[in-house]
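Read the figures in this text as sums done on the coordinates, not as results from a lab. Note that the structure is predicted; figures quoted are calculated from it, not measured. Heads up, the Cβs are rebuilt from the backbone with ideal geometry, glycines too, and the neighbour counts pull from every protein chain shown.
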Amino acid sequence: MDSQGSPSESPPNENAIIKVTGGGAYKFADLFKERLGVNIDKEGEMDCLVAGSNFLLKAIRHEAFTHMEGQKEFVQIDHNDLYPYILVNIGSGVSMIKVDGDGKFERVSGTNVGGGTYWGLGKLLTKCRSFDELLELSQRGDNRAIDMLVGDIYGGLDYSKIGLSASTIASSFGKAITENKELEDYRPEDISLSLLRMISYNIGQISYLNALRFGIKRIFFGGFFIRGHAYTMDTISFAVHFWSKGDMQALFLRHEGFLGALGAFMSYEKHGLDGLMVHHLVERFPMGAPYVGGKIHGPPLGNLNEKISWMEKFVQKGTEILAPVPMILPATTGLGGFEVPLSKGESLRSDASALNIGVLHLEPTLEVFPLLADPKSYEPNTIDLSDLSELEYWLTVLSEHLPDLVDKAVASEGGTDDAKRRGDAFARAFSAHLARLMEEPAAYGKLGLANLLELREECLREFQFVDAYRSIKQRENEASLDVLPDLLLELDSMSEEARLLTLIEGVLAANIFDWGSRACVDLYHKGTIIEIYRMSRKKMQRPWRVDDFDRFKDRMLGSGDKKPHKHKRALLFVDNSGADIVLGMLPLARELLRRGTEVVLVANSLPALNDVTAAEIPDIVAEAAKHCDIIRRAAEAGGLLVDAMSNIQDSPKENSPCVPLMVVENGCGSPCLDLRQVSSELGAAAKDADLVILEGMGRALHTNFNAKFKVDALKLAMVKNQRLAEKLIKGNIYDCLCRFEPTLN
Ligand SMILES: Nc1ncnc2c1ncn2[C@@H]1O[C@H](COP(=O)(O)OP(=O)(O)O)[C@@H](O)[C@H]1O
Ligand SMILES: CC(C)(COP(=O)(O)O)[C@@H](O)C(=O)NCCC(=O)O
Ligand SMILES: [Mn+2]
């Protein structure tokens, strides 16, 4: 765990204590002391397992999943409804623990028929030299050769009276009694599979019986025996499902290989993690270990240079890092049972658990956005990438965008040799992530499009690209600020109603400046910023594909017997630099200010594509303020013009009351917005807000399209991707959405 990312470099000292659990804590304590001078504190194995599993289930959003017929499905565990559960740890032997709370547990049962039995018997019977070899054999096995099935007893017919199908195993290894065969006559593949099923079913059944004993529905399975192996999980799940008639669920943990180690770590006092909440933790996936295509190569990587040179070495070796990895399509047998192992493949699937290593960052200032109508049911992502064709499409979009992004990133750092080297390494690292996800879609937990887009930004930051679109953003800001005075004059000559429409059109039109969209980037070669902006505004024909403008207008300006509604405070979640903020959102903010509504511009904390950051806004506002009194006075009132104020001596403060224009950072560095984890400044600013405006495709479409708020909400975006336009709004690329969702009161 990394609290602020500052690695301690102090040498190991005499007082260093490492918390360790398991048999190794006893076996190697002296060696550690002798060779490294560190003391080992031995922690109870069960305590650590439970502490580790409780921590994971509380701290990581997509930790638990079911695994049935080759399909992983993440399960959202309600933290207030976690206990009691049964934890089954399958190592050499098996422990079954009833967990009732933090530090509250009891080992209620176990079995000596466990992982050691599979490995031990398997070794004797197949002459396998390694555990992985034995598992790999099982992938190609057929247990009918050796197990006695119900069908074998009843002449191939189902014994339906007691609800057993012909393929149900009546007796593991039972066929060996009657057949006149020696060990050599059986295929090692079949032996391994029969053994695996025998042991997994048995563990599943005993776990079920124990859960039944205590009236518990959830059973979590962990331990080194599972190691992310799909077929092992399937057999255990099948057993639990079969015996409980679907009433209980076998659940697995993404980080199951680390339960004990995590628990030992948690046993240090004073972590201050007692009040830990899931929104305080952010999981990131750096190139911590040089892995590619599902395999770890070499030791973990420490610093940037190590990462870069590893990437370079990797390429020299000629490994096809950029080659698309074929998708693994879900297998079905059509048999509706487990007669043929569904998750089997040509070779053993990559060791999922070993690679699902993210770094958990503690960000204690993050909080849940207080204006969400129902935080519990809130899901930021609109597109669920569990659909494999969807995942493949978006991975391809990201992959194809990569060369252009690397160009921009390298240029943003002056195009130096060092920048080129980093750019190259970034491209390879990000491609490795994409390849990894193509191979194992659930490798990083449940992913939405927002997570993929954020992963890209984080990968850029990992290779120290601070702001890839820096110069593009500056150029667009300047060009837009030049035409702002004319736009404001034009707006001021309109009636209030016409102006409101023009303002919303302006926001939608300016959202065309999006360097993350392939179609838009192609468009920019065809004209200047201002030409494209004019063209885009001209094309703003209503009705838009989603068009609630009239409802918004009625709410703002009133209609019939409905009075105009003046909002107290509006939060404007802004998107891109240039025309988007300068000619779109800022004039809209000005209109709200004019009506007496306080405005908070909410922008990214860190750069992402060409999005404007909170730190960049004050300069833009200061420029705009030179041409507009409303903005100037509001910005002064909001404390935005502290430096600039001293320069403006010619305009004495007017007496009329003035509402403030403010800026807060949102706590993220992504083109999308996950409202479960926002900055505390935003949380505070939201307290008085009664209008939320979300702008852009990332914040209003990829994420939050379906989000419901406690206050009036307006979502504005231009859809700059054909497939998404068809899928979400049954429209076409460049269609717009203006969705207004007023509060019911
Ligand atoms: N590469 C491996 N080598 C040996 N055993 C493995 C390997 N991968 C998984 N296993 C399984 O893990 C079991 C040991 O698990 P572990 O958690 O170390 O148990 P314990 O601490 O109870 O000895 C083995 O019996 C075997 O079934
Ligand atoms: C990253 C984005 C969401 C940014 O859009 P914005 O929020 O700036 O409107 C968008 O550019 C995007 O989804 N791009 C990928 C799709 C494409 O290239 O078609
Ligand atoms: Mn954007």
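Values as computed for the structure displayed
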| quantity | calculated |
| --- | --- |
| Calculated log₁₀ intensity ratio I(q)/I(0) where the Debye formula runs over C-alpha points of the range 451-585, q = 0.14 Å⁻¹ | -0.79 |
| Estimated inter-spin distance, Met494 and Ser309, nm [label 7 Å along Cα→Cβ] | 6.0 nm |
| Residues Glu363 and Lys526, FRET efficiency given R0 of 41 Å [Cβ-Cβ distance, rounded to 0.05] | 0.45 |
| Amide hydrogen neighbours beyond the local backbone of Asp547, cut-off 5 Å, H modeled | Cys738 |
| 24 Å tail of the calculated P(r), the range 95-219, as % of Cα pairs | 42 percent |
| Packing rank of 590-602, 45-57, where each peptide gets the mean count of other beta carbons within 10 Å, highest leading | 45-57, 590-602 |
| Percent RCO, i.e. relative contact order, over the range 384-447, from Cα pairs under 8 Å lying at least 6 residues apart | 42 percent |
| Euclidean distance between Cα centres, the range 168-221 to the range 621-637, Å | 75 Å |
| DSSP beta bridges in the chain [antiparallel fraction, %, rounded to 5] | 55 percent |
| Sequence-distant residues sharing a close amide H with Ala717 (under 5 Å, placed H) | Gly696, Leu737 |
| Contour minus Cα-Cα distance for Lys687 and Ser92 (0.36 nm per residue) | 208.8 nm |
| Relative contact order computed over the chain (Cα-Cα under 8 Å; 6+ residues apart), in percent | 12 percent |
| Per-residue [θ]222 nm for the chain (sum of -39500 (n - 2.57) over DSSP H runs n ≥ 4, rounded to 500) | -12000 deg cm²/dmol |
| Length released on extending from Lys708 to Leu31, taking residue separation times 0.36 nm less the Cα-Cα span | 237.9 nm |
| Peptides ranked, highest mean first, by Cβ atoms within 10 Å: ranges 223-232, 362-371 | 223-232, 362-371 |
| Calculated SAXS-style log₁₀ I(q)/I(0) at q = 0.12, 0.14 Å⁻¹ - the range 384-447, Debye, Cα scatterers | -0.36, -0.47 |
| Label-point separation in nm, Asn112 to Asp374, each point 7 Å along Cα→Cβ | 5.2 nm |
| Convex hull per residue volume in Å³, alpha carbons only, for the chain | 204 Å³ |
| 3J(HN,Hα) from dihedral phi, the range 71-83, Karplus parametrisation 6.51/-1.76/1.60, rounded to Hz, x for glycine, proline | 9, 8, 9, 6, 10, 7, 9, 6, 4, 7, 10, 8, 9 |
| Label-point separation in nm, Leu183 to Arg213, each point 7 Å along Cα→Cβ | 3.4 nm |
| Within straight-line cross-link reach of Lys563, lysines at Cα separation under 17 Å, skipping those fewer than 8 residues along the same chain | Lys553 |
| Gain upon complete extension [Ala16, Lys730; 0.36 nm per residue less C-alpha separation] | 250.9 nm |
| Ala261-Glu390 FRET efficiency (beta carbon distance; Förster radius 41 Å; 0.05 resolution) | 0.70 |
| Taking the C-alpha atoms of the range 121-190, convex hull volume expressed per residue in Å³ | 95 Å³ |
| Percent RCO, i.e. relative contact order, over the range 64-286, from Cα pairs under 8 Å lying at least 6 residues apart | 23 percent |
